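Encoded as structure tokens, the structure appears first; notes follow it.
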């Protein structure tokens, strides 16, 4: 528990606020930083926290008045869960094929070089949009080799069609090949 | 000034102990440092991304080409070092802004590859506030150089409440977006059910672990109406957390459970609120003393030579009457 208050050093002002003798002497020459730290003017300095609070809140709320889909960083409407995705999903991905031709799911690291699943899916979609599916296929095949995945013989960039109401992640309604490449051995 | 505006100003500027703001400094900056270290392998993989994947946003929006690996490394190392300095409270006037700027740059760069993750937004905002306030007046190396820790003051109180305002504002914005974007469909749970199915199917498609219970949950579609309503109550009801200490605790508990629900149903980890660090400003905004007394005593012994103001800060007035 804190000890007693050294006289004349810590006591707050009569209204319970700072501005007593402790404040100025104890913080002189310190390096704790901070705005609104002018202890000698407790009345005047109240506008500083109010201004900071109003500006901070207005800044964070500002995206709310734009497009609900607007997104950014660090200010955002956090729209990722807001939009109705519907029950019909096309997801672009890269899969492997083993010697029997069966589909082998590849990891985000193999697909995009990073460990984020969302980024992996976005990477494939952007590559398809840019007509880069062949080069993406080759990149993934090279990573498959580097990872020592001998079970994967062929890499395919595909667009899968899913019925979300049916919810069968490994059984898409269709799987359309967009690019295909052999894994170099 | 009278009425709600006066109550707001009184609440905002009510004094608080320096230790309370110091605790936030240690928790928030500590979280930031741990995030930088734990995510270092991920950040390293991002440096290998090719230039055509660069989609700059935020403060890097005007940067046409991704920064070089060497520059990224320098900024990350600077962020870690300045973050550690903020945690221990060393030269806060320099370390605080340095950490805020470098963390903003690192996280903006990390989000600039076609996907915004939304998991570090609030952390960055909190660090920005801590950077410009006297957060190292206690429990810090800066404080050890002084004879004593200052007593309760409004300048230790309002930063905590600004951080609390930021926390509830981010949830409120997300709630408004759901109403504006999803409309009535959000209320009946369809949008939420589709989102959970979408997220898990997409994860499975790229070979990432999906929720083990999503399939079962989606067969119980009636559950999604109360789940959606609960989500909106947490997000749109966030400002009520500022009314009293009781509503703050209730809301923080609900928000934490909300994020647990996101982990369970979509395997999406919002680690900042799940760690409770993001919610702590809301819990501290209404006064009371620093919890975890043993931890406090230990930190007191480590960082303080003098005695603190024995009288705890008077309880902050509530916004509610």
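What follows draws every value from the coordinates through simple rules; no lab data is involved. What you are looking at is a predicted structure, and each value in this text was computed from that prediction instead of being measured. We place every Cβ from the backbone using ideal geometry, glycine too, and count neighbours over all the protein chains shown.
Anisotropy class assigned to segment B:46-133 is prolate, per the alpha carbon gyration tensor with a/c at or over the 1.5 cut-off and a/b larger than b/c. The Rg/Rh ratio for segment A:43-83, using Cα coordinates for both the radius of gyration and the Kirkwood hydrodynamic radius, is 1.20.
Please report the projected area of segment A:88-182's Cα convex hull averaged over all directions, in nm².
On the way: hull surface 23.0 nm².
The orientation-averaged projected area of the Cα hull of segment A:88-182 comes to 5.7 nm².
Shielding of peptide B:164-174 by partners, expressed as the average count of other chain Cβ atoms within 10 Å per residue Cβ, is 5.
Full-extension gain between residue B:48 and residue B:240, please, as 0.36 nm times their residue separation minus the C-alpha to C-alpha distance.
Roughly 64.7 nm would be gained on extension.
For segment B:6-38 versus segment B:231-269, the inter-centroid distance based on Cα atoms is 19 Å. The alpha-carbon atoms of chain B, seen along their principal axes, cover 61, 53, 39 angstrom, with the largest extent given first. In chain B, the longest principal axis of the Cα atoms and the axis of helix B:224-236 are about 30 degrees apart. Exposure proxy shown here: for A:164, B:141, the number of other Cβ atoms within 10 Å sets the order, fewest to most, as B:141, A:164.
Treat the count of other C-beta atoms within 10 Å as a stand-in for reagent exposure and order A:111, B:179, B:37 from fewest to most.
B:37, B:179, A:111
Quick note on segment B:170-298: its Rg to Rh ratio, both from C-alpha atoms and Rh being the Kirkwood radius, is 1.05. If you run the Gaussian network model on chain B, springs between alpha carbon atoms under 10 Å, then out of B:259, B:126, B:194 the most flexible one is B:194. Using only the alpha-carbon atoms, how far is helix B:18-38 inclined from the longest principal axis of chain B? Give it as 0 to 90 degrees, nearest 10. The answer is roughly 40 degrees. Within segment A:142-174, what residues put their amide N at less than 18 Å from the label point 7 Å along the Cα-to-Cβ vector of residue A:104? Only A:142-158 pass the distance filter.
The fraction of all Cα pairs in segment B:216-284 landing in successive 10 Å bins from 0 to the largest distance is 20, 47, 25, 7, 0, given as whole percents.
Segment residue A:168..residue A:134, full-extension length gain: 9.4 nm, with 0.36 nm per residue of separation and the alpha-carbon distance subtracted. To the nearest ten degrees, helix B:154-182 and the longest principal axis of the Cα atoms of chain B are 10 degrees apart.
The simple spin-label model puts a point 7 Å past each Cα toward its Cβ; for residue A:87 and residue B:55 those points are separated by 2.9 nm.
Once both labels are positioned 7 Å from their Cα atoms along Cα-to-Cβ, the gap between residue B:179 and residue B:263 label points is 3.0 nm. Legend: ranking of residues B:282, B:84, B:124 from fewest to most surrounding C-beta atoms inside 10 Å; resulting order B:84, B:124, B:282.
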